[in-house]
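First up is the structure itself, then whatever we jot down about it.
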Protein chains: 2
Amino acid sequence: MDAAVLLGGPKEEWPADLKDRLKRAREAGDLLIGVDRGALFLLELGFKPDLAIGDFDSLKPDELAWVEGTADDIRYSVPKKDWTDSELMLGIAFGDYQIDQLRVYGATGGRLDHAAINAFGILNPELRKYANQLTLVDKQNLIFYRQAGSYELKRQDYTYFGVTCLMPVEDLTIQEALYDLAPYSGDYIRSFTSNEFLPEKDSCKLSLKKGLVAVVYSKDLDRYQQA
Amino acid sequence: MDAAVLLGGPKEEWPADLKDRLKRAREAGDLLIGVDRGALFLLELGFKPDLAIGDFDSLKPDELAWVEGTADDIRYSVPKKDWTDSELMLGIAFGDYQIDQLRVYGATGGRLDHAAINAFGILNPELRKYANQLTLVDKQNLIFYRQAGSYELKRQDYTYFGVTCLMPVEDLTIQEALYDLAPYSGDYIRSFTSNEFLPEKDSCKLSLKKGLVAVVYSKDLDRYQQA
């Protein structure tokens, strides 16, 4: 089973078609998960959360009552804990619910201490094994993670892509893209950005022998084209 | 000499008082640097760039002519290069101009492959020595970097702070904050988030024996309070 998750990040960063995406997820039988204010956002969008996770300390009593009265499964986290709500969500989704592919919305923008944990929580040694199953989506980016292996990266609806080494990597290569990368090994966070798919190809190739990378697909919004 | 830098990130993420900040920087004799579209943004805000850096490939001919006709120093980067424009800027500012404190605007939001290189470019082994001199500022976050050492973190105008390990750390500690951190050592990107200053204190203490961390100060915008 797959799942769609809504975190509490600012609505301005949501994909424009978030409601349609959630509708399609529900119709496909995916689990809908709301974390903290994200659980309220789900309800406001017309979706009952199958699972709500958080300390919910930013919700007013009537908002919390709404979440508690509708969600099928509620997991309360405690402040001053070792795991953040975002990590807790990953642990419950992949561990308890055995989710295959987890698609996360509301992870970016706003408070960057939150965005950091949303982007890097998967590096927690207890969660890292699920890295290939996690995708973050916002209005102009799609982020996924790849451990050692060989992959085909499909273009989808994005113009650019970048690869960021989040753990020491060995023999990271990019082939059949605008900028190919010869086998690169390195031990610090390094981003290979602003790469593009070739016009005549719908995909390129990524491989690494060791390590973990984030792949960021991105596109320009209309902002600059209109200017 | 200090410097203020404007990168090409979306205006929606700028601090609300960016123009005042740049005005004060100019009055203080700080260097004003524009990178790519950020050079044009500086001009649109009424500030002549002392230094403009980039390939400027997103500018129209008349926009580029405006930058070229006003900036005192222009450094052209070439596509398909080893260093991104953001890294090139750090190298020129700290290397050529011997900047003491560099304050960067326009680094966040928009394309996250850009945001990643803006946040992590300082980890480039040739630039890492300048990490303590770099600060990124957007509308609700302030990010700075700290190498091995003992530091006092001043509250400033923010509610929360988080610390993210960007390189393997030894004995990272946080003291005199809401959530103290006992000496932590670890070798992966880990974020200690949603910490707060104590009400009775204007600062807390951070130390690490080895490694490099990003400190993220953040605050809630009015969005949720009004909701």
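The values are calculated or read from the model by the stated rules, or taken from the named source; none is laboratory data. These figures come from a predicted structure and were not determined experimentally. Cβ coordinates were reconstructed from backbone atoms using ideal geometry, including for glycine residues, and neighbour counts include every protein chain displayed. For the accessible areas, the whole protein counts, side chains as well, though only heavy atoms, and no ligand, DNA or RNA atoms are used. Shrake-Rupley method; radii C 1.70, N 1.55, O 1.52, S 1.80 Å.
Observations
- Residue A:122 vs. criteria under 27 Å from residue B:161 (Cβ atoms), of a type in the set (Val, Ile, Thr) and in a strand (DSSP E or B): no
- Residue in the stretch A:36-52 that is over 19 Å from the mean Cα position of the chain (by Cα) and either loosely packed, with under 13 Cβ neighbours inside 10 Å or of a type in the set (S, T, N, Q) (or both) present: yes
- Of all residues assigned to the stretch A:127-147, none qualifies as being more than 28 Å from residue A:88 (Cβ to Cβ), assigned to a strand (DSSP E or B) and not aliphatic (A, V, I, L, M).
- For the stretch B:97-109, the count of residues that are open to solvent by 60 Å² or more (accessible area, probe 1.4 Å) and out of contact with any strand residue (DSSP E or B) (no Cβ under 9 Å at 6 or more places or on another chain) is at least one.
- Yes/no for residue B:100 being in contact (Cβ under 8 Å) with a residue 60 or more places away in the chain, under 14 Å from the mean Cα position of the chain (by Cα) and at the interface with chain A (Cβ under 10 Å from one of its Cβ atoms): no
- Residue match in the stretch B:12-27 (condition: hydrophobic (A, V, I, L, M, F, W, C) and within 14 Å of chain A (Cβ to nearest Cβ)): yes
- Candidates A:12, A:68 - the one that is of a type in the set (Asp, Glu) and in contact with an Asp or Glu (Cβ under 8 Å, 6 or more places away or on another chain): A:12
- In the stretch B:60-74, the residues that are over 17 Å from residue B:29 (Cα atoms), open to solvent by less than 70 Å² (accessible area, probe 1.4 Å) and of a type outside the set (Asp, Glu): B:64, B:65, B:67, B:69, B:70, B:74
- Criterion violated by residue B:221 - all others in (1) at pLDDT below 95; (2) open to solvent by less than 20 Å² (accessible area, probe 1.4 Å) satisfied: (2)
- Taken as a whole, the stretch A:108-127 holds at least one residue that is on the phi > 0 side of the Ramachandran plot and in the same structural domain as residue A:28 (by TED's automatic domain parsing).
- Number of positions in the stretch B:159-180 that are within 11 Å of another protein chain (Cβ to nearest Cβ) and either loosely packed, with under 15 Cβ neighbours inside 10 Å or within 20 Å of residue A:188 (Cβ to Cβ) (or both): 9
- Residues that are surrounded by fewer than 20 Cβ atoms within 10 Å (Cβ to Cβ) and touching a residue at least 60 places away in the same chain (Cβ under 8 Å) were ranked within the stretch A:132-154; the one that is farthest from the other protein chains (Cβ to nearest Cβ) is A:148.
- Residue match in the stretch B:187-196 (condition: away from chain A (no Cβ under 14 Å), part of a strand (DSSP E or B) and not aliphatic (A, V, I, L, M)): no
Table: residues versus (1) in a strand (DSSP E or B); (2) more than 9 Å from every other protein chain (Cβ to nearest Cβ); (3) open to solvent by 20 Å² or more (accessible area, probe 1.4 Å); (4) not acidic (Asp, Glu).
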site: B:92; (1), (2), (3), (4): no, yes, no, yes
site: B:113; (1), (2), (3), (4): no, no, no, no
site: B:116; (1), (2), (3), (4): no, no, no, yes
site: B:156; (1), (2), (3), (4): no, yes, yes, yes
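- In the stretch A:52-104, the residues that are within 29 Å of residue B:179 (Cα to Cα) and hydroxyl-bearing (Ser, Thr, Tyr): A:58, A:76, A:77, A:84, A:86
- Contacts under 7 angstrom Cβ, first residue in the stretch A:196-209 being farther than 20 Å from residue A:141 by Cα and touching a residue at least 24 places away in the same chain (Cβ under 8 Å), partner in a strand (DSSP E or B) and open to solvent by 60 Å² or more (accessible area, probe 1.4 Å), 6 or more apart: A:207/A:150; A:208/A:170; A:209/A:170
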